[in-house]
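The values are calculated or read from the model by the stated rules, or taken from the named source; none is laboratory data. Note that the structure is predicted; figures quoted are calculated from it, not measured. Note that each Cβ is placed from the backbone with ideal geometry, even for glycine, and that neighbours are counted across all protein chains shown.
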């Protein structure tokens, strides 16, 4: 996958000079009535030129960035100003990487040479900031610039991060958790039947116990993710055994009814070694990696998990035989993105958040029709000695 592939014709155009940008900005600045309207707008409003450079940003946007003045963002593109991790990885900045082809901000941008954009359909833009690792969800829309300048247009950004998070949690608690609770109620009723023999009772008690374990696991997962996003998650480093962790994951999935016929196996060459990390978070990462692999596996598929030595690190990996389309690969770690419909999309995002920000490791994946899909988490052997 070529990460330097330009995403659009517009993004390949030379940027306007600083003098040109400042001249346009002064023209807008002289219209006090327009400035008052844009600054009174509760959301973020930018004025962009035909090369997507910022000519004006309202006070709400500057306050969000912590910028002291318009000069700090003048001439930048939206992703550059927001410190989008993909924009920061390219010397050409926002709009010039293959990842930008899936970005709602790019899709909302009027095509080059069509200088009179209609009021565009709202798009969604998911941004993960370089450095801080913070993730944001924006609703993006464009409109013609009032005043007859065909080279400028309005660019509206609404922060919908909390709305997206709320929908995801509603999906989890009103669907996933509700399904588990319904199963527990059914098992409880069955256990109350007097005609059950002792063997049947024991079997149903085992199933009920597994349902309870799953319910507690769902709550723990969301609690850990919320704490991680709020920087309230505290590491609890302990000695760990690699095979024991893998066996826990296999037992968790093979002992429950996941609605699928796929099974989870430990690779025969998985290394057995001891290391020092937070086992709760690593367990959560492996559970989510395996869950995604199960959901992507064909019927009767096998999901394999393993562990390899890698210098002073351990590589934990999960493999399935499915292949992700490139468009999905480009967005897989973004919060709120999901292949399973609206209100999902926290699984792979949490893998990266917990694995890289807290366990000081590195999350990656490969996916092809020939070799299937493998997610990897490179975990330091000693989290206390790992570089921040």
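When residue 190 is tested against (1) surrounded by fewer than 14 Cβ atoms within 10 Å (Cβ to Cβ); (2) without any contact (Cβ under 8 Å) to a residue 24 or more places away in the chain; (3) not assigned by TED's automatic domain parsing to the domain that holds residue 355, only condition (1) is not met.
Could you list, in sequence order, all residues of segment 151-178 that are surrounded by 13 or more Cβ atoms within 10 Å (Cβ to Cβ) and at pLDDT below 80? Spell out how you get there, then give the answer.
Of segment 151-178, the ones surrounded by 13 or more Cβ atoms within 10 Å (Cβ to Cβ) are 151-161, 163-165, 167-169, 171-173, 176-177.
Passing the criteria: 161, 163, 164, 165, 167, 168, 169, 171, 172, 173, 176, 177.
A single entry from 268, 216, 241, 224 fulfils the requirement of being in contact with a strand residue (DSSP E or B) (Cβ under 8 Å, 6 or more places away or on another chain) and within 24 Å of residue 318 (Cα to Cα): 241. Here residue 31 fulfils each of the conditions (1) within 24 Å of residue 149 (Cα to Cα); (2) modelled with pLDDT of 90 or more apart from (2). Tell me, which residue of segment 13-28 that is over 17 Å from residue 72 (Cβ atoms) and in a loop (DSSP other than H, G, I, E, B) is modelled with the lowest pLDDT? The extreme case among them is 13.
Quick check, is residue 78 closer than 14 Å to residue 46 by Cβ, at pLDDT below 75 and touching a helix residue (DSSP H, G or I) at 6+ places or on another chain (Cβ under 9 Å)? Write out each step before concluding.
Values: closer than 14 Å to residue 46 by Cβ: yes; at pLDDT below 75: no; touching a helix residue (DSSP H, G or I) at 6+ places or on another chain (Cβ under 9 Å): yes.
Against the criterion (closer than 14 Å to residue 46 by Cβ, at pLDDT below 75 and touching a helix residue (DSSP H, G or I) at 6+ places or on another chain (Cβ under 9 Å)), residue 78 does not qualify.
Taking residue 285 as the residue in question, decide whether it is modelled with pLDDT of 85 or more and farther than 19 Å from residue 237 by Cβ. Please lay out each step first, then the result.
Working: modelled with pLDDT of 85 or more: yes; farther than 19 Å from residue 237 by Cβ: no.
Considered against the rule, which asks whether it is modelled with pLDDT of 85 or more and farther than 19 Å from residue 237 by Cβ, residue 285 comes out as no.
For segment 349-386, which positions are closer than 19 Å to residue 307 by Cβ and in contact with a helix residue (DSSP H, G or I) (Cβ under 7 Å, 6 or more places away or on another chain)? Once the filter is applied, which keeps residues that are closer than 19 Å to residue 307 by Cβ and in contact with a helix residue (DSSP H, G or I) (Cβ under 7 Å, 6 or more places away or on another chain), segment 349-386 yields 351, 354, 355, 359, 361, 362, 363, 373, 375, 377, 379.
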